[in-house]
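Have a look at the structure below, then the notes.
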Ligand SMILES: Nc1nc2c(ncn2[C@@H]2O[C@H](COP(=O)(O)OP(=O)(O)OP(=O)(O)O)[C@@H](O)[C@H]2O)c(=O)[nH]1
Ligand SMILES: [Mg+2]
C-alpha cells in the first residue's frame, strides 16, 4: 500500500485503486449529539444512513480499510451520535463522511427513538453541505417503510441532482445468486421512481465480509466528492 493521495486535478481517470487510497485517508474529525454542534463546512459531505444494524459503521470501516474507525457492533443502536470523518490530504481535506445513528431499532425507548428520527430528518433537511446519501439496507430485508420515509425527505433534492444517492444492499454474502438478483431488482424498481435526467441514483450489492462492491462504491463516492459544483447562478438559470 502506498501513501499516495489521489490528486483531484490529475488528468488520468480515477481507478478503483486510486479511489480506495482516497477512502483509506478517512480519519475521525468530530462527534456531535446535536445538529447545532456540527461544524459548518464547505466540504462535500456524504452521509451513511439506514436502519440500526444495517451495516453502516462496518461499511465505513471497510471502505476506509481500517478496523475501528467507526464503531461497529452486534448490539443494534451502537452509533448514538453523528460522527464525522475527514478525507483527502491532511492539509487540504476534500470531503467528509458522516456516520449517522440508525433508525427503527425496536428495543429503544419510544422517546429516544423519536428523538433520533427527528435528528436524522433535521440533518437531512438542514445540512447545507450534504452532497450524497449512502443508504444501507440489509439485503435480506430490502427497503422498509422507514427507509422509504427517509428517501421521501431527500427525494426533491435527489431529483435535481443536488444530492446523489447510492443504496447499498449490505450483507450480500448471506444471499445466493437468485436472492441477490431479486433484491437488486426490487430496490431498482423503487428507485426508478426517483430517477430523473439530472439525478445520480444507483443501487449495488455490498459485502464487508467478502469485500464485494467495495472498489465500485469507493469510486462512486470519489466521483461525488470531486465532481465540479455548478455555480449557484448557473443552477438558478437552468431552473428558471
Ligand atoms: N455477514 C455480514 N455481516 C455484516 C456485514 N456488515 C455488517 N455486518 C454485521 O452486522 C452487524 C451490525 O453492523 P454495524 O456496522 O454495527 O451496523 P450499523 O448500521 O452501524 O448499526 P447502528 O450503529 O446500530 O445503527 C455487526 O454484527 C456486523 O458485523 C456484512 O457485509 N456481512
Ligand atoms: Mg453504527
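The values are calculated or read from the model by the stated rules, or taken from the named source; none is laboratory data. On a predicted model such as this, the values are computed, not experimentally measured, just so you know. Counting neighbours? That spans all protein chains shown, and the Cβs are built from the backbone with ideal geometry, glycine included.
Could you list, in sequence order, all residues of region 189-219 that are crowded, with 16+ Cβ neighbours inside 10 Å and out of contact with any helix residue (DSSP H, G or I) (no Cβ under 8 Å at 6 or more places or on another chain)? Scanning region 189-219 gives a single hit, 191.
Here is a yes/no grid of residues against (1) more than 21 Å from residue 47 (Cβ to Cβ); (2) modelled with pLDDT of 95 or more:
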residue: 163; (1), (2): no, yes
residue: 210; (1), (2): yes, yes
residue: 222; (1), (2): no, yes
residue: 226; (1), (2): no, no
residue: 236; (1), (2): yes, no
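May I ask you to say which residue of 143, 168 is under 27 Å from residue 14 (Cβ atoms), touching a residue at least 12 places away in the same chain (Cβ under 8 Å) and not in a helix (DSSP H, G or I)?
Just a single option satisfies the conditions, and that option is 168.
In region 99-111 there is at least one residue that is modelled with pLDDT under 95 and closer than 20 Å to residue 216 by Cα.
What about residue 87, is it closer than 25 Å to residue 20 by Cα and either away from ligand 2 (no atom under 12 Å from the Cβ) or modelled with pLDDT under 95 (or both)? Criteria met by residue 87.
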